[in-house]
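In what follows, a single structure is set out as structure tokens and then discussed.
No value in this document is a laboratory result; all are computed from the given coordinates. These numbers were taken from a predicted model, which means no experiment stands behind them. A quick note on method: Cβ atoms are made from the backbone with ideal geometry, for glycine too, and the neighbour counts reach across all protein chains shown.
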Amino acid sequence: MRVAIYPGTFDPVTNGHLDILKRASLLFNKVIVAIAIDNEKESLFKIEERKKFMEAVVKDIPNVEVESFDGLLMHFVQKKKAHAIIRGLRAVSDFEYEFQLALMNKKLEKNVETIFLMTSSEYAFLSSTIIKQVVSLNGNINGLVPEIVEIALKKKFNWEKA
Ligand code: COA
């Protein structure tokens, strides 16, 4: 049973995350999405909401589970007896940070590999921050986030249509 962890803040989940997740689910017997409860980033959505969105969007992928975690990612990975950490790479700019995380995680647990999947080109420019910014300025994010997230974002930013 090969298990992978896909960690992130997911504030909120985007179609770019979903793309990585679907592809990772084909490579492993089980993928656990690990939503960071607390991060240095101040999140727009509470952990319960981020988890609810993720659960809704992965409900049709049978080998994906959603959990939240606090503290060190590697402690969560060890607790789940996972073999790998999945990370999406969007651009060269992601590389330095990801390389640092991967090396540190390797130092913490040498038996766990970090696997990088290249984000599909149509989502390469996406981030949760840019999505939130566009919605807050009444921009159209259709097709970039799951519908449940689009509705919630519009509500958060008091869109009349929501
Ligand atoms: N498509 C679209 N956007 C993507 C994406 C993809 N495929 N992959 C990442 N992103 C975006 C995210 O939405 C996020 O956007 P934001 O910065 O605007 O919020 C950004 O890219 C980075 O996200 P991600 O790569 O998921 O990292 P993160 O900062 O959300 O999460 C943790 C990082 C939680 C995994 C990391 O901080 C961690 O492990 N924390 C636990 C503490 C710990 O163990 N620290 C030591 C680590 S060695």
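Shape class of region 1-79 from the alpha-carbon gyration tensor: oblate, with a/c at 1.5 or above and b/c at least as large as a/b. Dividing the summed helix terms, -39500 (n - 2.57) for each DSSP H run of n ≥ 4, by the number of residues in the chain produces a 222 nm estimate of -12000 deg cm²/dmol to the nearest 500.
The distance between label points at K110 and L137 comes to 4.9 nm (points 7 Å beyond Cα on the Cα→Cβ vector). About its Cα centre, the dipole of the chain is roughly 340 debye, where the only charges are +1 on Lys and Arg Cβ and -1 on Asp and Glu Cβ. Note on N158/K52: beta-carbon distance plugged into 1/(1 + (r/R0)^6) with R0 of 25 Å gives a FRET efficiency of 0.80.
Loop only per DSSP, at most 15 neighbouring Cβ atoms within 10 Å: give me the trypsin sites (Lys or Arg not before Pro) in region 122-162, ordered by residue number. If you can, show how the numbers build up before the last one.
Working: sites: K132, K154, K155, K156, K161; in loops: K161.
Loop-located and lightly packed - K161.
Relative to the 2.2 N^0.38 Å rule of thumb, the chain has a C-alpha radius of gyration ratio of 1.03.
Which of rounded, prolate, oblate describes region 71-112, given a ≥ b ≥ c as roots of the alpha-carbon gyration tensor eigenvalues and a/c under 1.5 marking rounded, otherwise prolate only if a/b is larger than b/c?
Values: a/c = 2.41, a/b = 1.97, b/c = 1.22.
Verdict is prolate for region 71-112.
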